[in-house]
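A short write-up of the structure that comes next.
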Amino acid sequence: MPRWCSGLAYKPVTLVTRVQIPSEALSKRGCTAAIIGDVLKEVDISKHNSVPKHVILGEKEKRELLKKYNITLNQLPRIITPDPMVEKLDAKIGDVIKITRISPTAGAIQYYRVVVKGAFK
């Protein structure tokens, strides 16, 4: 079993991917199944404990955020349209998403991302 599969505590391993993976490649890595295609539309990924809360800001909130930090949309970090949470929220290009991450030491931290057209490489 390859090193990246060897430390996994749960078996069988389920791999979530957007591309087809040949079954022989899965078996070589000790994985038993692959979920492919549009599975993310069927599974509510926002309920997973590793996914922080994502919320689309309204126009007023967006203007207040830009004014507060004296920035433009182009100066915000970006999140691309095929991102699973962007698709789930049905966010449009130019929308600002507030991401709230919970940290055991710092508490709730907010990050902001502007939705841009893009693709995974």
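Just so it is clear, none of the values below were taken in a lab; they were calculated from the coordinates. Computed from a predicted structure; not experimentally measured. No Cβ is skipped: glycine too gets one built from the backbone with ideal geometry, and neighbour counts run over all protein chains shown.
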Distance violations [Cα-Cα > 22 Å] among 60/98; 68/88; 60/92; 68/117: 68/88; 68/117
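Given +1 on the Cβ of Lys and Arg, -1 on the Cβ of Asp and Glu, and no further charges, what dipole in debye does region 44-121 carry about its Cα centre, rounded to the nearest 20?
It comes to approximately 200 debye.
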For region 85-100, take each phi angle, set θ = phi - 60°, evaluate the Karplus expression 6.51 cos²θ - 1.76 cosθ + 1.60, and give the result in whole Hz per residue in order, putting x for glycine and proline. 6, 5, 5, 5, 6, 6, 6, 9, 4, x, 5, 10, 10, 9, 10, 10
I need 105, 72 ordered by Cβ neighbour count within 10 Å, fewest first. 105, 72
Please give the FRET efficiency for residue 61 paired with residue 24, using the beta carbon to beta carbon distance and R0 = 35 Å, rounded to the nearest 0.05. 0.10
